[in-house]
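Structure first, commentary second.
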Amino acid sequence: MRLSFLRKAPLAAFLLLSQPLFAQQPVADGVEMADRLRADGKIWVVVAVIAAVFAGIVIYLIRLDRQITKLEKDIKRKPTVVS
């Protein structure tokens, strides 16, 4: 069943506009998992893992940027052959 644009647009708008309403609902007991990890002292393990993943992504992006910059310089230096 295919919906026309005139039927999709209000549906999409409703879904996108109602999302913040769900985010504002109060949590009765808090976040149990975070409370438990904090109580056990394991929250620092979670923080360390997230920091390691983030650092790995940043290092990867820096290396990739350097490689792309090097390739761009090589392309600019080489004369183009027109046949």
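The numbers here are math on the coordinates, done by the rules we state, and not lab data. This structure is a prediction, so every number in the text was calculated from the model and none was measured. Glycine also receives a Cβ, built like all others from the backbone with ideal geometry; neighbour counts cover every protein chain displayed.
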Taking a crude spin-label model, label points 7 Å out from Cα along the C-beta direction, the Arg63 to Ile50 distance in nm is 2.5 nm
Between Ala34 and Leu6, what is the label-to-label distance in nm when each label sits 7 Å out along the Cα-to-Cβ direction?
4.6 nm
